[in-house]
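Have a look at the structure below before the remarks.
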Amino acid sequence: MGDDRSFYIENFGCQMNVHDSEQLAVLLKHDGWIPVMEPDGAAVIILNTCSVREKAEQKVFSRLGRLRELRNGRSPVRFVIAGCMARAWGRKLLKRLPFVDLVVGPGMLSQIPTYLRKLDGGSRPIVDIRDPESVFCVPSNWIENPGIHSAWVTIMEGCDNFCSYCIVPYVRGRERFRDSEQIIEEIGALVAHGVREVTLLGQNVNSYRSRNAGFPELLRQIQAIDGLVRIRFTTSHPKDMSDELIQTVAECSKLCEYMHFPVQSGSSRILARMNRGYTREEYLGRVDRMKALIPDVALSSDFIVGFPGETEEDHRESVSLLEAVAYDNIFIFNYSVRTGTRAAEFPDTVPPDVKVRRLEDLLQRQRRIAMDRNQALIGETVDVLVDGSAKRGNGMWTGRTRQNRVVNFSGQARPGTLVPVRIESASPNCLYGSGSG
């Protein structure tokens, strides 16, 4: 590659992938690499990929087809496929994409600088999809001033649940946890650089445990960090939502009244086929407990429609659960077959047109619920942590409430400040108002 030490990272998938890409960028910069904003200016192009759904993988193949043209007419460029898709496909990626130089699973991202040096030394294409022993993170003393007020902090990776539809345990590996001391040190360093809000990340944060702390105790330790204003976490598995955890959220003032609580289906029969580990009634019981102890709690969720064997009655159960909980937001996905999972062997598939109809049914009902919930806030004053200028400009600012509701507002503000905003109007996805900051 000569003297060209530029790199470009493009991300696909979840918040965990986004944070992994951020950490990888820090790692490469400490190894002497220089980030660039566009792929056509990079000596190394890294795609950090997702494999949760087939559509996510097709996006990567399509993108690589376009990026491959960058090799024509200029100095060589290295292509790196990282993340979950790399772990799922392994060496098969080199057969389908022979121009790729490096395939690295999500647990081996820390090895990318080493492998790039080997490639510069003449090494043939490299594949490393080993299961990791620890959580990928850069040292706390590498944290630069991020220029942001909100940051993600990974506390665990992997999953031991093996839901029948899910590829995550196979591509992210089994559960691994960071020591609580290391997490506290990282958050302390972030706060020292101006961060006011952290979101704790993991495939199942509820199952977190270290030598001297379970998840509730970790939250209480983070609560004690001076200068931190808000704490969030995602994702929570319903079967591990304990009374102690709900009580901790209710008692700790910095913990936001927002919970992403993925149900996937409202039918106990389908939940059993999914191997989710709880029934409809148990899920609703956890919701009732949260609403009783955290009166202002806002909930979001994931739904899968068209899971093998899902009947119209099963779909109606999902509809009734959606309406009973009255979520602030939901994410709905058509079931996608993932090779290697147990559900891939289930024969009773649902026709594509039925999946589309059921998805749209849930989506339309959720829009009405979200609109009603947001309109109920008109006339109220809410505290907004300011993210920055609103996309539409016109002197408007944007930020989020403790319940994770997006608010666009007029008035004086600065990113990272808390501003009281009087809500004047609403849409299903956003609140609008005037600030007095």
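The values are calculated or read from the model by the stated rules, or taken from the named source; none is laboratory data. It should be emphasised that the depicted structure is a prediction, and the values quoted were computed from it without experimental measurement. So basically every Cβ, Gly included, is an ideal-geometry build from the backbone, and we count neighbours across all protein chains shown.
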Note to self: Every residue in region 172-190 that is in contact with a strand residue (DSSP E or B) (Cβ under 8 Å, 6 or more places away or on another chain) and not small (Gly, Ala, Ser), please.
What the structure shows: Arg172, Glu175, Arg176, Phe177, Arg178, Ile183, Glu186, Ile187, Leu190
Check: Which ones in region 370-421 are in contact (Cβ under 8 Å) with a residue 12 or more places away in the chain, small (Gly, Ala, Ser) and part of a strand (DSSP E or B)?
Finding: Gly388, Gly399, Ser410
Notebook entry, point to check: Given region 70-169, what strands (runs of 3 or more DSSP E) lie entirely inside it while holding 1 or more residues that are not aliphatic (A, V, I, L, M)?
Noted result: 78-83, 126-128, 150-154
Checklist line | region 125-151 residues that are under 30 Å from Lys95 (Cβ atoms), paired with ones that are among the polar types (S, T, N, Q) (beta carbon under 7 Å, 6 or more apart) | finding: Asp128/Gln111; Phe136/Gln23; Phe136/Ser110
Next item on the list: May I ask you to list the residues in region 73-106 that are of a type outside the set (A, V, I, L, M, F, W, C) and buried (at least 24 other Cβ atoms within 10 Å of the Cβ)?
Entry: Gly83, Arg87, Gly105, Pro106
Check: Can you tell me how many residues in region 388-437 are closer than 25 Å to Phe233 by Cβ and surrounded by fewer than 14 Cβ atoms within 10 Å (Cβ to Cβ)?
Finding: 1
Check: Condition test on Arg220, is it charged (D, E, K, R), closer than 23 Å to Asp179 by Cα and touching a strand residue (DSSP E or B) at 6+ places or on another chain (Cβ under 8 Å)?
Finding: no
Check: Any idea how many residues of region 121-161 are over 30 Å from Ile187 (Cβ atoms) and loosely packed, with under 13 Cβ neighbours inside 10 Å?
Finding: 3
Check: Any residue at all in region 241-259 that is at positive phi and small (Gly, Ala, Ser)?
Finding: no
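Yes/no matrix, rows are residues, columns are (1) within 13 Å of Arg358 (Cβ to Cβ); (2) in the same structural domain as Arg53 (by TED's automatic domain parsing); (3) of a type in the set (S, T, N, Q):
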{"site": "Ile270", "(1), (2), (3)": "yes, no, no"}
{"site": "Asn275", "(1), (2), (3)": "no, no, yes"}
{"site": "Tyr283", "(1), (2), (3)": "no, no, no"}
{"site": "Val297", "(1), (2), (3)": "no, no, no"}
{"site": "Ser300", "(1), (2), (3)": "no, no, yes"}
{"site": "Val305", "(1), (2), (3)": "yes, no, no"}
{"site": "Val319", "(1), (2), (3)": "yes, no, no"}
